[in-house]
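Read the structure below first, then the notes.
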Amino acid sequence: MDQGPGAGSAAWSLRSRGPAHAVSHRCLDVQRSARPRRFFGSLFGVDPLHPDAVAWYRGALRERHVGGILGGLGREWRVLHAIPHGDGDIDHLVIGPPGVVTITAAGRVTAEVEARAASRSLTRATGVPIVAEAIVVVDGPSLDRDGPAVVPARRLVRHLRDLPRVFDPDLVASVARVAEEWTTWRPFGVDAGHSDPDDDFERLHEEVTRARTRRRLWQLAGLTVLAATVFTVASGPFV
């Protein structure tokens, strides 16, 4: 997806952060406490994840999935991920023809908090009132309730494109430039977790996937042996 000119020109720009930047760091930090698996643990597909890292791992996968979907929005849009605010972050910040939208899979309360944080920070930095809308992404059907919109992941891009257009291209570019600045969100410095965790998380994801595949193969082998044993015992008297 085109993010406009100058992508990657400043290492500290929030433009350089990928989806799940912050939650991947937290997952990897916790995972460092996990005991290394022994030979038989690897052979039989013992889960390599530390129990306390599981929730962070699943959250990172969700954010990466949504980030991939948002990559299909096109040239009219700017998308930022893992925007720092307070002790947390805004999962995804979208700036486009409908204005500013925050997107999360973490539920309505989190969505409202993130939208308010985006509105405050961008209004302060730009000097003009900006109200961010909130969207909650879910795997199932949308819900018709008051509050932030709840949108199935498969319909997210269509939903965003169907929203009323309130920003022209110049305003999209102007607000995006402000949103990319670290000081818009955290004026007193860059956090210690700025380094890109993608490669380390991808290695962990591959390890988890291999372990899951091995467990399934052993389970299948066990079922096959059990089925053969039952068949042999059942057919024994007739041999």
### Message
Quick check on region 15-51: of everything there that is aliphatic (A, V, I, L, M) and assigned to a loop (DSSP other than H, G, I, E, B), which residue is modelled with the lowest pLDDT?
### Response
Val46
### Message
Going through Gly236, Gly189 one at a time, which residue ends up being at positive phi, over 20 Å from the mean Cα position of the chain (by Cα) and modelled with pLDDT under 85?
### Response
Gly189
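Check every one of the helices (runs of 4 or more DSSP H) wholly within region 92-186 and list those with 3 or more residues that are closer than 21 Å to Leu14 by Cα.
Details: elements: 108-126, 156-162, 169-180, 182-185.
Hits in region 92-186: 108-126, 169-180, 182-185.
Which count do you get for residues in region 68-83 that are in a strand (DSSP E or B) and either closer than 17 Å to Ala111 by Cβ or polar (S, T, N, Q) (or both)?
Keep residues of region 68-83 that are in a strand (DSSP E or B), which gives 78-83.
When the remaining residues are screened for being either closer than 17 Å to Ala111 by Cβ or polar (S, T, N, Q) (or both), the result is 79-83.
The qualifying residues number 5.
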### Summary
Per the filter on region 67-81, residues surrounded by fewer than 18 Cβ atoms within 10 Å (Cβ to Cβ) and more than 11 Å from the chain's Cα centre (by Cα) are Gly71, Gly72, Gly74, Arg75, Glu76
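What's the total number of residues in region 43-101 that are among the basic types (Lys, Arg) and over 16 Å from Pro197 (Cβ atoms)?
Applying the first criterion (among the basic types (Lys, Arg)) to region 43-101 yields 58, 62, 64, 75, 78.
Retained after the next criterion (residues that are over 16 Å from Pro197 (Cβ atoms)): 75, 78.
Residues in region 43-101 being among the basic types (Lys, Arg) and over 16 Å from Pro197 (Cβ atoms): 2 in total.
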### Task
Could you give me the residue pairs with C-beta distances under 7 Å whose first residue belongs to region 15-35 and is closer than 17 Å to His85 by Cα and among the hydroxyl-bearing types (Ser, Thr, Tyr), whose second residue is surrounded by 20 or more Cβ atoms within 10 Å (Cβ to Cβ) and at pLDDT 90 or above wherever it lies, and which are 6+ apart or on separate chains?
Ser24/Ala60
#### Entry: Which listed residue, of Ala132, Ala153, is within 23 Å of Val23 (Cα to Cα) and crowded, with 21+ Cβ neighbours inside 10 Å
Ala132
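With the structure loaded, tell me whether Ile90 is farther than 15 Å from Val151 by Cβ and either crowded, with 19+ Cβ neighbours inside 10 Å or in contact with a strand residue (DSSP E or B) (Cβ under 8 Å, 6 or more places away or on another chain) (or both) or whether it fails that test.
Values: farther than 15 Å from Val151 by Cβ: yes; either crowded, with 19+ Cβ neighbours inside 10 Å or in contact with a strand residue (DSSP E or B) (Cβ under 8 Å, 6 or more places away or on another chain) (or both): yes.
Here the answer is yes, as Ile90 does meet what is asked.
The values are calculated or read from the model by the stated rules, or taken from the named source; none is laboratory data. Quick caveat, the model's predicted, so the values are computed rather than measured. Here Cβ is always computed from backbone atoms with ideal geometry, including for glycine, and neighbour counts include all displayed protein chains.
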